[in-house]
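The values are calculated or read from the model by the stated rules, or taken from the named source; none is laboratory data. A quick note: this is a predicted structure, and the numbers were derived from the prediction, not measured. Note that each Cβ is placed from the backbone with ideal geometry, even for glycine, and that neighbours are counted across all protein chains shown. Just so you know, the surface numbers come from the protein's heavy atoms only, side chains and all, with ligands and any DNA or RNA stripped out. Shrake-Rupley method; radii C 1.70, N 1.55, O 1.52, S 1.80 Å.
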Amino acid sequence: MSIAEYDYTIIGAGPAGMAAAITARKHGLNVLVLDEQPAVGGQIFRNIEGLEKYRNSEYHKLGEEYLSGSKLVQQFRNSGVVYLNGRSVWQIDGDLGIHHVSTIPTDQESSVPQFCKTKYLLIAVGAMERPMPLPGWTLPGVMACTAADVLYKSSGMIPQGKVILAGSGPLLLLIACRLLDAGVKISAFLDTTPRGALIQALPHLPKALRAFGYLKKGLEMLWKLRTSGIPIYTGIQEIEALGNSKLEKVRFKKGMKHSEVSADLLLLHNGVVPNVQITRQLACDHSWYDVQRYWEPIVDDWGNTSMERTAVAGDCGRVSGAVVSEISGHLSALDTVRQLGAITLNERDKLSRNLRQSLQSHKSARPFLDKLFQPRQNQIVPNKEDVLVCRCEEVTVREIRETVRLGFQNPDRLKSMIRCGMGPCQARMCGLSVSEIIADEKQISPGEVGYFKIRSPIKPITIGQLAENN
């Protein structure tokens, strides 16, 4: 059986992956794009092709940033890439052999694992929402705010009843405004941004003014929320979801006062973090970004990682948004084209000059935003010890702390003792929280604690599929 081989394989069809594919195809590379989703666009431009027919209604409610994805998607469709949707990459070999399986099998043949090889690999899998473990977060009626955004873009579904949004970050503001535009009645907005955060971020403001469009958009969203009549509570220190079989109330603390609000749906958000599952499976070097409390792969100016012939682009490198992701995809592809000999070093630098200038302009706002929306410690490490951290294996804060005190002081040793991180999500939901709790218990940085070792399969597959692969 012949094995498919490509010059360049891209994992992810969001802004970064699409941009890289377009640039690579312009220079004649044989390009494969693998994506888990049923259609191109990633999380940011999810279902953009499906919503184009609603240009005069729902489509425009999603905003100009979402609308801008149409042009990129069209260029991608016309580029001539080999695009396989609904494909989950579950293992990447050291020689860049890629194992993938269908996430939407329609027949027996489509569920069989497939394999290909590539000369160069780009990981463009984007970011994921940071888990926000708190009392009652496993109750029906409590979900991540991005889940509501996915349902809206995918199916036009909007929340009903008493909806409360809680947390901090630009994405929380964006989704709150989208829900308002869609006619959702928001019962309360609980802002956990620490008091004094703006003062701490002010030293970065002069540089951020170079990208005033981002600041203007943020101010417009804040104004929209404040003039909407939504009860807004700032400086929130603790949040609890209350209920028996489902969410009934949300309790929160502001200053020394506790309050309760009736709720049918609680949408949580505590920022987004790079999706590093693949870069960790490949053993790429990572560093701890303390401002936003996450790990990121160590890369050069073109996105190249410590592993040969492997690069990253977009929010799986450092979270910076759609525009920066798109630019980083173009830049990474240009360097790959150069490494494959399709252009010279001078041609690469000439072609990238305007892109680099644009990149620096758009990135200038990030230090200010990252500092302003720095995650709050008590939203990262729950104060109450009976809070579940690992939802798959039902492991609590108390169990993690007690195991650390017994001398098991890194995530992998912890996993062997109490199964934390061993469930179907493979530590996606608990990994950062576990490292943060260990660090808090030992009073050191999570960068010193480390993270779970990620092994294949990166995503769960069946025994039958594994047998077929061999």
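Here are some notes:
- Which listed residue is at pLDDT below 90, out of contact with any strand residue (DSSP E or B) (no Cβ under 6 Å at 6 or more places or on another chain) and open to solvent by less than 50 Å² (accessible area, probe 1.4 Å), from G423, G450: G423
- For the range 50-80, the set of residues classified as modelled with pLDDT under 90, surrounded by 16 or more Cβ atoms within 10 Å (Cβ to Cβ) and under 21 Å from V323 (Cβ atoms) consists of L51, Y59, K61, L62, Y66, L67, S68, G69, S70, listed by residue number.
- Any pair with Cβ under 8 angstrom, 6 or more apart, that starts in the range 303-322 at a residue that is under 17 Å from T118 (Cα atoms) and ends at one that is of a type in the set (D, E, K, R) and surrounded by fewer than 24 Cβ atoms within 10 Å (Cβ to Cβ): N304/D335; T305/D285; R309/K119; A311/D335
- Taken over the range 289-317, the residue count meeting the criterion of being aromatic (F, W, Y) and either at positive phi or surrounded by fewer than 17 Cβ atoms within 10 Å (Cβ to Cβ) (or both) is 1.
- Residues being in contact (Cβ under 8 Å) with a residue 40 or more places away in the chain and of a type outside the set (A, V, I, L, M, F, W, C) - total across the range 283-296: 6
- Sub-6 Å Cβ pairs linking a first residue in the range 151-167 that is over 20 Å from N270 (Cβ atoms) to a second residue that is in a strand (DSSP E or B) and open to solvent by 50 Å² or more (accessible area, probe 1.4 Å), at least 6 apart or interchain, are K162/S262, ordered by first then second residue.
- Taking the numbered list (1) at pLDDT below 95; (2) surrounded by 24 or more Cβ atoms within 10 Å (Cβ to Cβ) in turn, A39 passes all entries but (2).
- Look at (1) touching a Leu at 6+ places or on another chain (Cβ under 6 Å); (2) open to solvent by less than 30 Å² (accessible area, probe 1.4 Å) and you find that F408 fails only one, number (2).
- Consider the range 318-344 and keep the residues that are among the charged types (D, E, K, R) and either in a loop (DSSP other than H, G, I, E, B) or open to solvent by less than 10 Å² (accessible area, probe 1.4 Å) (or both). The one that is farthest from G28 (Cα to Cα) is R318.
- Looking only at the range 158-185, and only at residues there that are open to solvent by less than 80 Å² (accessible area, probe 1.4 Å) and in a loop (DSSP other than H, G, I, E, B), the one that is farthest from S364 (Cα to Cα): G161
- Listed by first and then second residue, the pairs linking a residue in the range 256-274 that is at positive phi to a residue that is open to solvent by 10 Å² or more (accessible area, probe 1.4 Å), with Cβ atoms under 6 Å apart and 6 or more places separating them unless they lie on different chains, are G271/R130; G271/P375.
- Test: residue in the range 367-383 that is at pLDDT 95 or above, out of contact with any helix residue (DSSP H, G or I) (no Cβ under 8 Å at 6 or more places or on another chain), of a type in the set (D, E, K, R) and surrounded by 14 or more Cβ atoms within 10 Å (Cβ to Cβ): yes
- Residue in the range 347-355 that is in a helix (DSSP H, G or I), more than 30 Å from F76 (Cα to Cα), in contact (Cβ under 8 Å) with a residue 24 or more places away in the chain and touching a Leu at 6+ places or on another chain (Cβ under 9 Å) present: no
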